[in-house]
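Below you'll find the structure, written out as structure tokens, and then a few comments.
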Amino acid sequence: MRILLLNVPIRLEQKPAAFPTGLGILAAVMKNTDHEVDVLDANALRIDMAQVIEEVRRRAPDLVGISGLVSTYKYQLELVEKLKRALPGTAVVCGGGCATSIPGLMLERSHTDFVVIGEGEKTLPELAAALERGDPPESVLGVGLRSKTGVALTEPRPLIEDLDTLPLPAYDLFPMDIYAANQIWNQPTPSMNILSSRGCPMDCNFCYNLFGRRSYRKRGPEAIRSEVQLLKREYGIAFVAFVDDNVTITRSHLENVCGVMESEGVPWGCHGRVDTLDEARLELMARSGCTWLGFGVESASPKILENMNKRATPEAAAQAIEKTRKYGIFPNTTFIIGYPGETLETIRETARFKIANKTVIKDFFATPYPGTELWNRAKELGRIPNEHEYLLSLNNAGDLTVNLTEFSDDELTWLRRQSHAEVIAGIAFKENPPHRLAPEVTKKLLELADGLLSRTQDILPEIKGIALRWLASFYELNHKPEMAQRCRIASQAFPRMGN
Ligand code: B12
Ligand code: SF4
């Protein structure tokens, strides 16, 4: 059978940097069968849909396997439609985050023949073999299909117990020069993303766990080493991004990863959880070449963190940021605005936290993904009356797709933008005392103060006080004591920020 694996475009506003690891492993698995395997990576090549259809038509596969996240739902519906029209005899199978989280909808709303739910390494070869032999696909675990009575899902596919039994991704079938050349997390190139584990043992209720809860499995050090060595040898990789949910959660696993990376001598980064980032772990990570560490702070409001079931505190997050910096690793924090229960006060708590911890990052909007608790909550709140319509509108979580708060959409959008501006201003004034500034920086800060003081609506009542105290020092330094005194007196009308 001729099999074509197709990666759909994602985040067209950025250069393609994230190698599709799941599809890469599937390609390697299929290479080890009797089938002929080929890849069309529409994300890396950035070809439009007409070119995709043309290319598929040219290659004339018997089966097309499409991979995409739920945010590519709209694209996938259109693609499947056009594929089935262009090549009616070709079986279409959708897998990945979209098919796994909404198998029923994918079958109802598109003409895909099958969806594969969860891990595809065993399911896809079995499905392809069944189709080739003419066996009933109903016998294959982890598949969604159409039956006489409608949509049917076969029994779930058990998880792959030992990840080390899987082959390395078939990198040679992908346009690796494109992926390697584009920066991941602003780190050096050539770079590549890999995984040292699958799943996450935690249960944050906005997070979609693709492989189900209790699915946390780790790769052994030798498997990780062989992949890093291959990437060094074939692509001269200068940075490895571990995109696992969580590399720091188990000390023994982190030690394995650090051991491999230290001996391979390649700088690396990963995601972790704030409550696991103690000094011993950070020291080990820094020593082994870790330069970037991402963690979700999400909110500095204990109430919102509880709503999220984040099981972490703002204090732990502040400590994690401080210690990460202490060891020379860049802490990349992420935050969410607009969770159910968000108020002006919880937004303020988060903005104050960012200023105190000098983290400049725009919030994501709380975005419910099917299969999460947040999705259930959004449905209970009546905010997703039509799933199909809602899913069509999904894109980046920087866009407001559904409002889960009591604010209006305009208010929530304004709050996100304005709190970001105030955080930038707060950090800029605190970090840049007027006495040691280049003239162009001084000019920028004067403009910033001007803009801030002429505003009528602030999120942080203390932000004008910060600007006024900075102006007071500026005028003092420039021998304008009266102006300085006026600013100092004016600043007293505003509360001071905690630290
Ligand atoms: C790298 C990554 C990305 C990359 C792209 C990844 C890609 N092309 O695969 C980038 C950075 C672009 C990205 C973006 C986003 N991401 Co992301 N991302 C990840 C991350 C960290 C790793 C993905 C990965 O490699 N997984 C491991 C591999 C082994 O699994 P897999 O790819 O799913 O493949 C397996 C199966 O799904 C299946 N399979 C996959 N494809 C196919 C195809 C066929 C034919 C078959 C049969 C089977 C099959 O078999 C594979 C092997 O078992 C995951 C979290 C995680 N740790 O998994 C989130 C994750 C996939 N992302 C997610 C989300 C929500 C997003 C965003 C929407 C978030 C945002 N902030 O806006 C954006 C997309 C925005 C947009 N404009 O569309 C969710 C997915 C939700 C969902 N239901 O799809 C995840 C799970 C994070 C989470 N916990 O919420 N992401
Ligand atoms: S947000 Fe992070 S810690 Fe929470 S469940 Fe998802 S991956 Fe795990």
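Report P(r) for the range 293-353: all Cα-Cα distances, bin width 5 Å, range 0 to the bin holding the largest distance, values in whole percent.
4, 19, 30, 23, 13, 7, 2, 0
In Å, what Kirkwood hydrodynamic radius results for the range 13-100 from the alpha-carbon pair distances?
Kirkwood radius, the range 13-100: 13.8 Å.
Would you list, by chain and number, the lysines whose Cα falls below 24 Å from the Cα of Lys323, excluding same-chain residues fewer than 8 positions away?
Leaving aside lysines fewer than 8 places away in the same chain, those within reach of Lys323 are Lys310, Lys354, Lys358, Lys362, Lys430.
Quick check on packing: order 216-222, 491-497 by the mean number of other C-beta atoms within 10 Å, highest mean leading.
Highest mean packing first, the order is 216-222, 491-497.
So how much slack lies between Arg59 and Glu387, counting 0.36 nm per residue of separation and subtracting their Cα-Cα distance, in nm?
Net length gain for the segment: 114.6 nm.
With point charges of +1 on the Cβ of Lys and Arg and -1 on the Cβ of Asp and Glu, referenced to the Cα centre of the range 113-190, which listed residue (Ala128, Ala152, Tyr179) lies farthest in the positive direction of the dipole?
Ala152
Provide the packing ranking of 39-48, 53-62, i.e. peptides ordered by the mean count of other C-beta atoms within 10 Å per residue, highest first.
By packing density, highest mean first, the sequence is 39-48, 53-62.
Can you work out the accessible area per residue across the range 2-153, with the rest of the protein chains kept in place, probe 1.4 Å, in square angstrom?
About 42 Å² of surface per residue is accessible.
I need the per residue convex hull volume for the range 183-330, using only the alpha carbons, in cubic angstrom as a whole number.
In the range 183-330, the Cα hull volume divided by residue count equals 104 Å³.
In µm²/s, what is D for the range 2-153 at 4 °C and 1.567 mPa s, where D = kT/(6 pi eta Rh) by Stokes-Einstein and Rh is the Kirkwood radius from Cα pairs?
Estimated diffusion coefficient is 85 µm²/s.
From the helices alone, meaning DSSP H stretches of at least four residues, give me the mean residue ellipticity at 222 nm for the chain, per-run term -39500 (n - 2.57), in deg cm²/dmol to the nearest 500.
-13000 deg cm²/dmol
How high is the relative contact order of the chain? Use alpha-carbon pairs under 8 Å, at least six apart in sequence, and give a whole percent.
10 percent
If Lys and Arg each add +1 and Asp and Glu each add -1, what is the summed charge of the other residues whose beta carbon sits under 13 Å from the beta carbon of Phe364?
So the environment of Phe364 carries a net charge of -2.
Just order 78-85, 409-416 by mean Cβ neighbour count inside 10 Å, highest at the front, would you?
By packing density, highest mean first, the sequence is 78-85, 409-416.
How far is helix 251-264 tilted, in degrees, relative to the longest principal axis of the Cα atoms in the chain, given as a value from 0 to 90 rounded to the nearest 10?
For helix 251-264, the angle is close to 90 degrees.
Determine the relative contact order of the range 50-152: mean sequence separation of Cα pairs under 8 Å and six or more apart, normalised by residue count, in whole percent.
23 percent
How far is helix 221-235 tilted off the main Cα axis of the chain, in degrees rounded to 10, range 0 to 90?
The answer is roughly 90 degrees.
Could you tell me which residue out of Ser491, Val257, Cys200 lies farthest along the dipole of the chain toward its positive end? Charges go on the beta carbon: Lys and Arg +1, Asp and Glu -1, centred on the Cα centre.
Selected residue: Ser491.
In Å and on Cα atoms, what radius of gyration and Dmax does the range 45-95 show?
Values for the range 45-95 (Cα only, Rg and Dmax): 10.4, 28 Å.
Assuming R0 = 22 Å, what is the FRET efficiency of Asn396 and Asn186, from their Cβ-Cβ distance, to the nearest 0.05?
Once rounded, the FRET efficiency stands at 0.80.
Scale the Cα Rg of the chain by the rule-of-thumb value 2.2 N^0.38 Å and send over the ratio, two decimals.
1.09
Using a 1.4 angstrom probe with every protein chain in place, what is the largest-first accessible-area order of Trp185, Trp375?
Descending order: Trp185, Trp375.
Quick one: angle between helix 314-326 and the longest Cα principal axis of the chain, in degrees between 0 and 90, rounded to 10, please.
Once rounded, the angle reads 90 degrees.
About the Cα centre, and with charges only on the beta carbon of Lys, Arg (+1) and Asp, Glu (-1), how big is the dipole of the chain? Nearest 20 debye, please.
My answer is approximately 1200 debye.
Per 0.36 nm of contour for each residue apart, how much would the distance between Val151 and Ala493 grow if the chain were fully extended, relative to their Cα-Cα spacing?
116.6 nm
Sort Ser301, Ser139, Ser473 by heavy-atom solvent-accessible area, probe 1.4 angstrom, most to least.
Ranking Ser301, Ser139, Ser473 by accessible area, largest first, yields Ser139, Ser473, Ser301.
Give me the percent of the accessible area of the chain that comes from carbon and sulfur atoms, probe 1.4 Å, all protein chains in place.
Taking all protein chains in place, the chain shows 51 percent carbon and sulfur surface.
Nearest 0.05, what FRET efficiency do Ser226 and Glu306 give at R0 = 41 Å with Cβ-Cβ as r?
The calculated FRET efficiency here is 0.45.
Ignoring ligands, DNA and RNA, what accessible area per residue does the range 183-330 give at 1.4 Å, in Å²?
Counting only protein heavy atoms, the per-residue value for the range 183-330 is 40 Å².
If I stretch the segment between Arg213 and Lys430 completely, what's the gain in nm (0.36 nm per residue apart, minus their alpha carbon distance), one decimal?
Here the answer is 73.8 nm.
The values are calculated or read from the model by the stated rules, or taken from the named source; none is laboratory data. Keep in mind that what you see is a predicted model, and the values were worked out from it rather than measured. Backbone-built Cβ (ideal geometry, glycine too); neighbour counts: all protein chains shown. Accessible surface areas use protein heavy atoms only, side chains included; no ligands, DNA or RNA. Shrake-Rupley method; radii C 1.70, N 1.55, O 1.52, S 1.80 Å.
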